[in-house]
Amino acid sequence: MNTEWRYAWSKPTVLGDLKTHIQDFYVEEQLGFEPDDKGEFCYVFIEKQGVNTDFLAKRLAEITGIAPNKVTYSGVKDRHACTRQWFCLHVLNQEADFSAIQDAFREPESVRVIAQLRHSKKLRTGAHLSNRFVIRLREVVGDLDELEGRLNLIKQGGVPNYYGPQRFGINGNNLHHGKGFVLKGRQSRRKLPKTESFWLSAIRSWCFNEALSDQVENGMWSRLCDGDIAQFQHKHEQFRVKEIGALMHLNVIRGEISPVLPLISEGWEAGTGPLREAAIKSSLTESMDLVNALIAFDLSRDSRLARLVPMNMAWELLRDNEGSAQLIVEFSLPKGCFATSVLREMIDFTDKSAEKHHESIDRQ
């Protein structure tokens, strides 16, 4: 299955290394609300390195003596990075003691508690607002003026909001297994186990990327058509495009409004306009057996922005006298968006962590 999707601004020619060191990739979860410091749930803000989010949640349960299902988190964070995220423990009236958590891990793994607060509501999956990234790319070589131009272009015009390669697994394994699983059809009404859910999600995401890639080629990804569903970049508010006036054109040019693409589900066609519906069907013509099988899983209606414009983006190029440089870039992305989808438009990078490990997840 294809995983080489089109670039909005042509493939970068500048080369660089990503994640040479764990500290080169920093992610901080931004809840979008403040815990109210009361109630039966304990929110703990943790900095971790080299540790899987789900594994850490289980260790928190073990240390505090509660059941694993009493520990929740909003998003999965990269194991091969320095990340800060919130965990929620349902501990009723007891005071959770995390003093032993640091001793539960050994180098290169590390865990540190940053803050601990009470809150009246449970932290649920996808509850956070965004993620802030600070990324250092090393051994950057090539035309640095071209790189500066790309950075300015991305800041203003955004990038295609592709699902990142992490969604599809090592060497596309989630796609390979997912295709067979989906085409076989749902065998029972039982709740899908986590692995099968990953496979299902990978196939749905692949359909989105395939359609988006074609719209990058014809320019539809960053413009509105009559009947489209559109969304403000940094809000969840969506609306049907009935008339495209001057002000809306201006907002599109500024990157403030973009079209959304529906994810495949029963009745997905209602989630867009006629022109974009036809374009999606054309993109998936050769995969209609997969699309129809996917629909049979009774997936919930959902959609995703076609264009991703990084928030609060800034950067610094550190040049040396030996022909290479370092790039430090900072930006925030809404939950569910991938930093690698931004980086791929900037620079042709080599993920150095992939040479040492067998998993990589930078998604929220």
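With all pairs of separate Cα atoms included, the stretch 230-322 yields a Kirkwood hydrodynamic radius of 15.8 Å. At q = 0.13, 0.14, 0.21 Å⁻¹, what log₁₀ I(q)/I(0) does a Debye calculation on the Cα points of the stretch 33-119 give, no solvent, two decimals? The Debye formula, applied to the Cα set alone, gives -0.37, -0.43, -0.98.
Largest to smallest in accessible area, the residues 311, 220 fall in the order 311, 220 (1.4 Å probe, all protein chains included). Counted by Cβ distance under 15 Å from residue 326, the other residues give a net charge of -3, where Lys and Arg count +1 and Asp and Glu count -1. Taken over the chain, the alpha-carbon convex hull comes to 150 cubic angstrom per residue. Within the stretch 15-39, find all residues whose amide N lies under 16 Å from a label point positioned 7 Å from the Cα of residue 134 along Cα-to-beta-carbon. What the label zone holds, given the 16 Å backbone N cut-off, is 19, 21-30.
For the chain, excluding the exposed loop sites themselves (GluC sites (Glu not before Pro), DSSP loop, at most 11 other Cβ atoms within 10 Å), the longest remaining stretch covers 96-236. Using R₀ = 22 Å, calculate the FRET efficiency as 1/(1 + (r/R₀)^6) where r is the Cβ-Cβ separation of residue 330 and residue 234; round to 0.05. For residue 330 and residue 234, the calculated efficiency is 0.85. Accessible surface calculations at 1.4 Å, restricted to protein heavy atoms, place the chain at 48 Å² per residue. The accessible surface of the stretch 1-130, taken with every protein chain in place and a 1.4 Å probe, is 48 percent carbon and sulfur.
Just name one of 260, 221, 282: the one whose Cα is farthest towards the positive end of the charge dipole of the stretch 189-319 (beta-carbon charges, Lys/Arg +1, Asp/Glu -1). Result: 260.
Along the axis of the charge dipole computed for the stretch 33-119 (Cβ charges of +1 for Lys and Arg, -1 for Asp and Glu, origin at the Cα centre), the listed residues 64, 92, 75 are led at the positive end by 75. Dipole check for the chain: with +1 at the C-beta of Lys and Arg, -1 at the C-beta of Asp and Glu, and the Cα centre as origin, the magnitude is about 1220 Debye.
When the helices of the chain are scored as -39500 (n - 2.57) per DSSP H run of n ≥ 4 and the total is divided over every residue, the value at 222 nm lands at -8500 deg cm²/dmol.
State the dimensionless ratio Rg/Rh of the stretch 161-308 (Rg: radius of gyration of Cα atoms; Rh: Kirkwood radius). Computed over Cα atoms, the ratio is 1.00.
Normalising the average separation of contacting C-alpha pairs (under 8 angstrom, six or more residues apart) by the number of residues puts the relative contact order of the chain at 25 percent.
With R₀ set to 22 Å, the beta-carbon distance separating residue 350 from residue 10 gives a calculated FRET efficiency near 0.70. By its C-alpha gyration tensor, with a ≥ b ≥ c as the square roots of the eigenvalues, how is the stretch 137-235 shaped: rounded for a/c under 1.5, else prolate for a/b larger than b/c, else oblate? Verdict is oblate for the stretch 137-235. Taken along the Cα-to-beta-carbon direction at a fixed 7 Å, the label points for residue 58 and residue 298 span 3.0 nm. When 125, 350 are compared by accessible area at a 1.4 angstrom probe, the order from most to least is 125, 350.
From Cα pairs below 8 angstrom and at least 6 apart in sequence, can you work out the relative contact order of the stretch 33-119, rounded to a whole percent?
50
Beta bridges from DSSP with both residues in the stretch 33-119: antiparallel share about 100 percent, rounded to the nearest 5.
So what is the relative contact order for the stretch 161-308, in percent, with contacts set as C-alpha pairs under 8 Å and at least six apart? Over the stretch 161-308, the number comes to 28 percent.
The values are calculated or read from the model by the stated rules, or taken from the named source; none is laboratory data. The model shown is predicted, which means the values in this text are computed figures rather than measured ones. All Cβ positions, even for glycine, are placed from backbone atoms using ideal geometry, and neighbour counts span all protein chains on display. In case anyone asks, the SASA skips ligands and DNA or RNA and just uses the protein heavy atoms, side chains included. Shrake-Rupley method; radii C 1.70, N 1.55, O 1.52, S 1.80 Å.
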